[in-house]
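Novice: Below is the structure I would like to discuss, written out as structure tokens.
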Amino acid sequence: MEENFIIYNEEYVLIRNILKDLKGNTGAEIIFITDSEGHCIASTGEMEDSRLNSISSLIAGSIAAVNSIAQMLNVEKFNTILTESAQKSLHISLINEKTMLIVMFDKNVNLGVVRLRVKNSTEDLEKIFVKINEKLQSSAMADIDSPFEGVSDEDIDEIFGD
């Protein structure tokens, strides 16, 4: 199991704005981002948190299963998965190797509009997650303690007898 990542407030606000715009531009019921472990990262629309978390976990598991099928078919991965019923549809798009965007919409929403808007939003979200990773890496590098921190010249002289 991999460690959960951190989203900074500045990027979280950008992500939420993208989700809100996407919801408004598509007429979707709910839009959310989940990680590969099934943790809901951000959402817009109305759904109980417990249901949203359960759906996030199930979707993460299905994506893992679908990508196992992709490997068996000698395909790198499937970037988009569409699941349709008579009443509701799910459009799932990979943002990167750790996150995915899920759009839930009803039969009155135009699939072509969803696909176009999701493509544009996914590109924007990918850039934000790259920025988050860069911040995390620079923060991790700053947190690395020097093995010589707290060691004075006198301590070194004492160790080596100079």
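The values are calculated or read from the model by the stated rules, or taken from the named source; none is laboratory data. None of the values given here were measured: they were computed from a predicted structure. Every residue, glycine among them, receives a Cβ derived from its backbone with ideal geometry; neighbour counts consider all protein chains shown.
Novice: Test of understanding: among Ile92, Ile132, which residue is surrounded by 15 or more Cβ atoms within 10 Å (Cβ to Cβ), of a type in the set (Val, Ile, Thr), touching a helix residue (DSSP H, G or I) at 6+ places or on another chain (Cβ under 7 Å) and part of a strand (DSSP E or B)?
Specialist: Values: Ile132 fails: part of a strand (DSSP E or B).
Among Ile92, Ile132, only Ile92 is surrounded by 15 or more Cβ atoms within 10 Å (Cβ to Cβ), of a type in the set (Val, Ile, Thr), touching a helix residue (DSSP H, G or I) at 6+ places or on another chain (Cβ under 7 Å) and part of a strand (DSSP E or B).
Novice: While we're on this one: Whether any residue in the range 100-112 is touching a residue at least 60 places away in the same chain (Cβ under 8 Å) and basic (Lys, Arg) is what I want to check.
Specialist: No; the residues of the range 100-112 include none that is touching a residue at least 60 places away in the same chain (Cβ under 8 Å) and basic (Lys, Arg).
Novice: Quick one: would you say Ile7 is modelled with pLDDT under 90 and of a type in the set (Val, Ile, Thr)? If you could, list the steps in order and put the result at the bottom.
Specialist: Values: modelled with pLDDT under 90: yes; of a type in the set (Val, Ile, Thr): yes.
Yes.
Novice: With Leu82, Leu58 as the choices, which residue is over 19 Å from Leu22 (Cβ atoms) and at pLDDT 90 or above?
Specialist: Selected residue: Leu58, the only one of Leu82, Leu58 that is over 19 Å from Leu22 (Cβ atoms) and at pLDDT 90 or above.
Novice: Could you check how many residues of the range 61-76 are in contact with a strand residue (DSSP E or B) (Cβ under 8 Å, 6 or more places away or on another chain) and more than 23 Å from Lys23 (Cα to Cα)? Walk me through it before giving the result.
Specialist: Of all residues in the range 61-76, those in contact with a strand residue (DSSP E or B) (Cβ under 8 Å, 6 or more places away or on another chain) come to 62-63, 66.
Remaining after also requiring more than 23 Å from Lys23 (Cα to Cα): 62, 66.
Count: 2.
Novice: Is it fair to say Thr26 is touching a residue at least 60 places away in the same chain (Cβ under 8 Å) and over 15 Å from the mean Cα position of the chain (by Cα)? Write out each step before concluding.
Specialist: Details: touching a residue at least 60 places away in the same chain (Cβ under 8 Å): yes; over 15 Å from the mean Cα position of the chain (by Cα): yes.
The answer is yes for Thr26.
Novice: Can you name every one of the strands (runs of 3 or more DSSP E) wholly within the range 8-85 that holds 3 or more residues which are surrounded by 15 or more Cβ atoms within 10 Å (Cβ to Cβ)? Let's see the steps before the verdict.
Specialist: Numbers: elements: 30-35, 40-45, 80-84.
Fully inside the range 8-85 and qualifying: 30-35, 40-45.
Novice: Among residues belonging to the range 29-63 that are among the acidic types (Asp, Glu) and touching a residue at least 60 places away in the same chain (Cβ under 8 Å), point out the one that is nearest to Glu126 (Cα to Cα).
Specialist: Initial filter on the range 29-63 (among the acidic types (Asp, Glu)): 29, 35, 37, 46, 48-49.
Filter once more, keeping what is touching a residue at least 60 places away in the same chain (Cβ under 8 Å): 29, 35.
Values: Glu29: 22, Asp35: 13 Å.
Ranking the candidates gives Asp35 first.
Novice: OK, next. I'd like to check something: does the range 111-127 contain any residue that is closer than 17 Å to Gly27 by Cα, at pLDDT 90 or above, of a type in the set (A, V, I, L, M, F, W, C) and touching a Gly at 6+ places or on another chain (Cβ under 6 Å)?
Specialist: No, the range 111-127 has no match at all.
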